[in-house]
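As structure tokens, the structure follows; a few thoughts come after it.
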Amino acid sequence: MFEELTNQFEDAVKAFKGEAKISEENVDEALKQVRRALLDADVSLSVVKEFIDEVRVKAVGTEVVRGIDPGQKFIQVVHEELVNVMGGENDPLANSEEQPTVILMAGLQGAGKTTATAKLGLLLKEKNKKPLLVAADTYRPAAIDQLVTLGKQIDVEVFNLSSNLKPEEIAKKGLEKAKNEGFDTVLVDTAGRLQIDTDMMGEMVRIKEAVQPDEVLLVVDSMIGQEAADITRSFHEKVGITGAVLTKLDGDSRGGAALSIRKISGKPIKFIGTGEKVEALQPFYPERMASRILG
Ligand code: GDP
């Protein structure tokens, strides 16, 4: 794997030719190439800056063992730091001792929230759990039909009320039903908007207060580019997230949003969406994403 990355960072590797250790003087050229790679991967500019500063501190002074090229060592340091920043390991979904575990899905319209809700429902069902999907997206009524259809497809019950109740009331009633009927997990699909919007945030806060979730998962489209940073900042400041789902990684996005989300919120990406089908959900592995981001 490092061989591929070393090829990718040929110029960076060359910058160390003939040097015995990574020093302040020879690291800058190499860092420039890393910076370009991160920006190409759509990591947000402020996050790139912060990351580069951290890598510089880690890399400078690194002694290079005999037989290893300092260039290769440098790439290894960058890769390791990227993995560390993204959490090192996969972080599992919350599982509350007191059932049901409540998971609130948040995100902009089109990010893949409703799809991710169904995907998580299927994943839990396959683990012999009993999830209930709650359709609280009253802003886009088609989302309710969409969730109902997906629920039938995966054979998981969907709670929806076609009355004029507020989303927080629907969510609360869904939770009551789950408690009364022995569902162990409640997944609440909420309404997004096309962009950050105070109505949406107010609604999210009210739903959060009503159901006291164990997990608030921000669903982010990996194709959205640098904007992922602002979206994460807004949702985390106003609502408070516990993790994220990064969708549409079956596309050609390099996944830089993963680094931005983690750096800005400090919260882990827990899953990635890799297709439109309900099965297309995978746990997030920092190691794999680091390689993807770099090259
Ligand atoms: P919501 O508005 O956030 O609820 O978004 P939807 O769940 O309705 O998804 C918006 C569109 O993205 C739909 O056409 C989904 O099929 C598609 N979508 C969701 N997740 C993925 C994914 O991981 N990969 C791909 N290729 N498409 C996805």
Task: Single unsatisfied condition, Ile144 versus (1) at pLDDT 95 or above; (2) within 13 Å of the ligand (Cβ to nearest atom); (3) in a helix (DSSP H, G or I) - done: (1)
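Looking at Glu50, Glu54, Glu81, Glu89 in this structure, which one is closer than 18 Å to Arg262 by Cβ and surrounded by 17 or more Cβ atoms within 10 Å (Cβ to Cβ)?
Details: Glu50 fails: surrounded by 17 or more Cβ atoms within 10 Å (Cβ to Cβ); Glu54 fails: surrounded by 17 or more Cβ atoms within 10 Å (Cβ to Cβ); Glu89 fails: surrounded by 17 or more Cβ atoms within 10 Å (Cβ to Cβ).
The unique qualifying residue is Glu81.
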TODO: Please determine, by comparing only the residues of the range 108-126 that are farther than 15 Å from Lys270 by Cα and open to solvent by less than 10 Å² (accessible area, probe 1.4 Å), which one is farthest from the ligand (Cβ to nearest atom).
DONE: Ala118
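Does Lys129 qualify as being buried (at least 24 other Cβ atoms within 10 Å of the Cβ), more than 30 Å from Val55 (Cβ to Cβ) and in contact with a strand residue (DSSP E or B) (Cβ under 9 Å, 6 or more places away or on another chain)? It would help to see each step written out before you state the result.
On the way: buried (at least 24 other Cβ atoms within 10 Å of the Cβ): no; more than 30 Å from Val55 (Cβ to Cβ): yes; in contact with a strand residue (DSSP E or B) (Cβ under 9 Å, 6 or more places away or on another chain): yes.
Judged against the criteria, Lys129 is not a match.
Here's a check for you: in the range 164-191, which residue that is among the polar types (S, T, N, Q) and buried (at least 20 other Cβ atoms within 10 Å of the Cβ) is farthest from Val102 (Cα to Cα)?
From the range 164-191, those among the polar types (S, T, N, Q) are 164, 180, 185, 190; that's our starting set.
Filter once more, keeping what is buried (at least 20 other Cβ atoms within 10 Å of the Cβ): 185, 190.
Values: Thr185: 6, Thr190: 13 Å.
Selected residue: Thr190.
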Open item on the list: Looking at Ala280, Ala290, Ala257 in this structure, which one is surrounded by 24 or more Cβ atoms within 10 Å (Cβ to Cβ) and either without any contact (Cβ under 8 Å) to a residue 40 or more places away in the chain or touching a strand residue (DSSP E or B) at 6+ places or on another chain (Cβ under 9 Å) (or both)?
Closed with: Ala257
Open item on the list: List the strands (runs of 3 or more DSSP E) inside the range 166-270, counting only whole elements, that have at least 2 residues being basic (Lys, Arg) and farther than 22 Å from Met289 by Cα.
Closed with: none
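For the range 147-158, give me each residue that is more than 12 Å from the ligand (Cβ to nearest atom), touching a residue at least 24 places away in the same chain (Cβ under 8 Å) and in a helix (DSSP H, G or I).
Filtering the range 147-158 down to residues more than 12 Å from the ligand (Cβ to nearest atom) leaves 148, 151-158.
Filter once more, so that each one left must be touching a residue at least 24 places away in the same chain (Cβ under 8 Å): 151, 153-158.
Gly151, Gln153, Ile154, listed by residue number.
Would you list the helices (runs of 4 or more DSSP H) that sit entirely within the range 8-97 and hold 2 or more residues that are of a type in the set (A, V, I, L, M, F, W, C) and within 16 Å of Ala290 (Cα to Cα)? Steps first, please.
Numbers: elements: 10-14, 24-40, 45-59, 70-85.
Those helices (runs of 4 or more DSSP H) span 24-40, 45-59, 70-85.
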TODO: Could you check Asn7 against (1) open to solvent by 10 Å² or more (accessible area, probe 1.4 Å); (2) at pLDDT 95 or above and say which number it fails?
DONE: (2)
Open item on the list: I need every pair where a residue in the range 96-120 that is over 19 Å from Ala178 (Cα atoms) and in contact (Cβ under 8 Å) with a residue 60 or more places away in the chain has its Cβ under 7 Å from the Cβ of a residue that is basic (Lys, Arg) and more than 8 Å from the ligand (Cβ to nearest atom), sequence separation at least 6 or different chains.
Closed with: Leu108/Arg193; Gln109/Arg193
Task: Selection count, the range 192-202, where residues are touching a residue at least 12 places away in the same chain (Cβ under 8 Å), surrounded by fewer than 24 Cβ atoms within 10 Å (Cβ to Cβ) and not β-branched (Val, Ile, Thr) - done: 4
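Search the range 203-216 for residues being open to solvent by less than 10 Å² (accessible area, probe 1.4 Å) and within 10 Å of Val102 (Cα to Cα), and hand back the single one that is nearest to the ligand (Cβ to nearest atom).
Keep residues of the range 203-216 that are open to solvent by less than 10 Å² (accessible area, probe 1.4 Å), which gives 204, 207, 211, 215-216.
Applying the additional criterion that residues be within 10 Å of Val102 (Cα to Cα) yields 211, 215-216.
Details: Val211: 18, Glu215: 17, Val216: 15 Å.
Among those residues, the one meeting the criterion is Val216.
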- [ ] Please state which of the following conditions Asn95 fails to meet, knowing it meets all the rest: (1) of a type outside the set (Phe, Trp, Tyr); (2) more than 15 Å from the ligand (Cβ to nearest atom); (3) under 27 Å from Gly225 (Cβ atoms); (4) open to solvent by 10 Å² or more (accessible area, probe 1.4 Å).
- [x] (3)
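Please indicate, with yes or no, whether at least one residue in the range 131-140 is β-branched (Val, Ile, Thr) and modelled with pLDDT of 95 or more. Steps first, please.
As a first pass, look at the range 131-140 and keep what is β-branched (Val, Ile, Thr): 134, 138.
Checking the rest, the ones that are also modelled with pLDDT of 95 or more come to 134.
Yes, the conditions are met somewhere in the range 131-140.
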Open item on the list: I want to confirm something. Restricting to the range 260-271 and keeping residues that are open to solvent by less than 20 Å² (accessible area, probe 1.4 Å) and β-branched (Val, Ile, Thr), which single residue is nearest to the ligand (Cβ to nearest atom)?
Closed with: Ile269
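The values are calculated or read from the model by the stated rules, or taken from the named source; none is laboratory data. Please read these numbers as outputs of a predicted model, since none were measured by experiment. Because the Cβ atoms are built from the backbone with ideal geometry, glycine has one as well, and the counts that use them run over all protein chains shown. Surface areas here come from the heavy atoms of the whole protein model, side chains and all, with no ligands, DNA or RNA. Shrake-Rupley method; radii C 1.70, N 1.55, O 1.52, S 1.80 Å.
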